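The values are calculated or read from the model by the stated rules, or taken from the named source; none is laboratory data. Quantities reported herein were computed from a predicted structural model and do not represent experimental measurements. We place every Cβ from the backbone using ideal geometry, glycine too, and count neighbours over all the protein chains shown.
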Amino acid sequence: METTAPVKPKTFGVLAEFPGVKDVYHAAEKVRDKGFKKWDVHSPFPIHGIDQAMGIGDSRMGWIAFFSAMAGAFGGFSLQYWINVHAQPVVIGGKPMNPYPAFVPVTFEPGILFTAFGCLLGMLALNGLPRLYHACFKSKNFGKFSDNGFFISIEAKDPKFNVNEVQKFLADIGGRNIEVLED
């Protein structure tokens, strides 16, 4: 009978706790300046300016909404135009075949509908949702993040990641209860 060696858990990253809002904010600036790309800040409430501290640029949701709206409006207008001019041309009272002012309400509605669905799907995709599991959930201390804990997690996927160096770096910038997270 063969015996298999136990599977060594894969390292997800390193998690460090910080005492307060200012501490995690300034630590985020230092992590950004160090050049890490795959990391996150976890806090019980939104922190004003944390996006800039983390080096996160503008959201792409505006572009997703714009192109979704344009696709919906173009589709709605095109469908009406095709029906009135090509599929079923009927002259009513000498009016033109493509009365575009009459197309406005139906053009507007698919624009709104496509925008809503585009924003929903774009938000889910950009946020990586639905995510039913995260390695931080295994941490003993991470349960505090929804109450009064402030954390920074640096993922092993980051090109600059080295477990020992990241642990030392997080300790140097004020992190405590530093844990290596296994996936």
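Below, the figures for the structure above:
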item: Test for Asn98: is it of a type in the set (S, T, N, Q) and either free of Cβ contacts under 8 Å to residues at least 12 places away in the same chain or under 20 Å from Glu17 (Cα atoms) (or both); result: no
item: Qualifying position, being part of a strand (DSSP E or B), out of contact with any Asp or Glu (no Cβ under 6 Å at 6 or more places or on another chain) and not aliphatic (A, V, I, L, M), among Asp51, Asp40, Asp23; result: Asp40
item: Test result for Ile47, assigned by TED's automatic domain parsing to the domain that holds Gly149, modelled with pLDDT of 95 or more and hydrophobic (A, V, I, L, M, F, W, C); result: yes
item: Qualifying position, being farther than 30 Å from Lys22 by Cα, outside any helix (DSSP H, G or I) and of a type in the set (A, V, I, L, M, F, W, C), among Ile92, Ile178; result: Ile92
item: Members of region 42-78 found to be under 17 Å from Val106 (Cβ atoms), surrounded by fewer than 16 Cβ atoms within 10 Å (Cβ to Cβ) and in contact (Cβ under 8 Å) with a residue 12 or more places away in the chain, listed by number; result: Met70, Ala71, Gly75
item: Residue match in region 69-88 (condition: outside any helix (DSSP H, G or I), within 30 Å of Lys168 (Cβ to Cβ) and not aliphatic (A, V, I, L, M)); result: no
